[in-house]
């Protein structure tokens, strides 16, 4: 019996099973010649795979536009509003439903529903994302073809039950969107507050100061080596780092934060860690307790009268990757970091006050992140219950 494990009580009939090609029309996309500027001067939205997002069927970021001439002289074509846009290459598994007419790149296979509700199809494929990704073929660029998608078996109930499922999941998506906006607002507020609580580059007074420090002396400008000791981490082989934490193991931090767990530790305390190389060069994380720092991180140990949390926040604000040197793979050396100018309040109490303020916002951000993660986990579990698995459909 082709039915999901969780069902609204008013529905009892079996679900039907058909290939996607029987339920609507599929089409591809294309990219007008980017060297012809004229093609990209119009008002017709054109999207690529980077313009849609994982597990989000509603959001499309339109940033590029073309005209009728580019359509007539390339493989791209108008995709009607309401179509399901599948990324079939370079980001396989992502999909979205467009509420306007668009054109897409060749990385898409687009589905215009005829005999099924388009949003039901969207949620069905999000729920069966792994099966969609498994269609991927090729060695250099993984992907699937229009023919692969046409033959994909879809199980579906009556139109009324389809609508009921979509209404249920879309209501959760609305909550997720609202909670995401709250999280983004908190992060934006924190960023703006940090820019007010720390002096701008080259200045000795912040724009915003707590009342008890308004008559205090201006901040000092010192080199970073006068505030904290900088020490590069130690090499550890990949085979000595384990994904799961075990008894007697310690966190192992690299340039992008926690990498895993290892049997030895090099530091004991609470210290900022600065990424040295790669895409996250200059990234600042906070290590605490007993931990190992790899050669891809620099540990900043606060000196006397330096609050560690305040130090972390100012390091995080400084955009340290701009100090990276080297051409093939720019990186941060201890020597370069030590010479960076740093604005410092005269009293440690002012440092602590700033850190306490920002820490309270971080607590709110952490709580909001957990709330958002809980909603996403609930949605994922609910989708697994509301749709039969591909194995159940094929059996």
Between residue 142 and residue 328, what FRET efficiency follows from the Cβ-Cβ distance if R0 is 30 Å, with the result rounded to 0.05? 0.60
List the relative contact order of the chain as a percent without decimals, with contacts defined as Cα pairs under 8 Å and 6+ residues apart. 16 percent
Could you check which residue among 237, 170, 70 shows the biggest mean-square fluctuation in a GNM of the chain with a 10 Å Cα cutoff? 237
How far, in degrees from 0 to 90, does helix 308-317 lean away from the longest principal axis of the Cα atoms of the chain, to the nearest 10? 60 degrees
Helix axis angle, 118-127 relative to the chain longest principal axis, alpha carbon, degrees: 50 degrees
So how far apart, in nm, are the two label points at residue 99 and residue 180 if each is 7 Å from Cα heading toward Cβ? 1.4 nm
Could you list log10 I(q)/I(0) for segment 121-248 at q = 0.15 Å⁻¹, which the Debye formula gives when each Cα is one point scatterer? -0.99
Under a GNM of the chain (C-alpha, springs under 10 Å), which listed residue has the highest mean-square fluctuation: 344, 36, 154? 36
Equivalent ellipsoid semi-axes for segment 3-97, as square roots of 5 times the alpha carbon gyration tensor eigenvalues: give them largest first, rounded to whole Å. 35, 15, 11
How high is the relative contact order of segment 16-158, given as a whole-number percent (alpha carbon pairs under 8 Å, six or more residues apart)? 33 percent
Evaluate E = 1/(1 + (r/R0)^6) for residue 246 and residue 305, where r is the Cβ-Cβ distance and R0 equals 25 Å; express this FRET efficiency to the nearest 0.05. 0.05
Write down Rg/Rh for segment 16-158, rounded to two decimals, with Rg from the C-alpha atoms and Rh from the Kirkwood relation over Cα pairs. 0.97
If one computes the Cα centroid of segment 349-392 and of segment 275-295, what distance in Å separates the two points? 23 Å
Using only Cα atoms, tell me the angle between helix 348-386 and the longest principal axis of the chain; keep it within 0 to 90° and round to the nearest 10. 20 degrees
Let me know the Kirkwood hydrodynamic radius for segment 220-344, please, with Cα pairs as the basis and the value in Å to one decimal. 14.6 Å
Work out how much length residue 7 to residue 25 would gain on full extension: take 0.36 nm times their residue separation and subtract the Cα-Cα distance, in nm to one decimal. 3.6 nm
Highest mean first, what order results for 41-49, 10-18 on Cβ atoms within 10 Å? 41-49, 10-18
Starting from the Cα-Cα distance between residue 77 and residue 160, subtract it from 0.36 nm times their residue separation and give me the gain in nm to one decimal. 26.6 nm
Of the listed peptides 209-216, 88-95, 142-149, 195-202, what is their order by residue-averaged count of other C-beta atoms within 10 Å, with the highest listed first? 88-95, 142-149, 195-202, 209-216
Label segment 18-72 by shape, choosing from rounded, prolate and oblate, from the square roots a ≥ b ≥ c of the eigenvalues of the Cα gyration tensor; if a/c is under 1.5 it is rounded, and otherwise prolate applies when a/b is larger than b/c, oblate when it is not. oblate
What residues of segment 339-362 lie in the reach of a label at residue 189, counting those whose backbone N is under 18 Å from a point 7 Å from the Cα along Cα→Cβ? 354-362
Restricting to Cα pairs below 8 Å that are 6+ residues apart, what does the relative contact order work out to for segment 95-180? Please round to a whole percent. 29 percent
Difference of contour (0.36 nm per residue) and Cα-Cα distance, residue 37 to residue 204: 55.4 nm
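We did not get these values from a lab; they are worked out from the coordinates using the rules stated. Everything numeric here is computed off the predicted structure, so don't read it as measured data. All Cβ positions, even for glycine, are placed from backbone atoms using ideal geometry, and neighbour counts span all protein chains on display.
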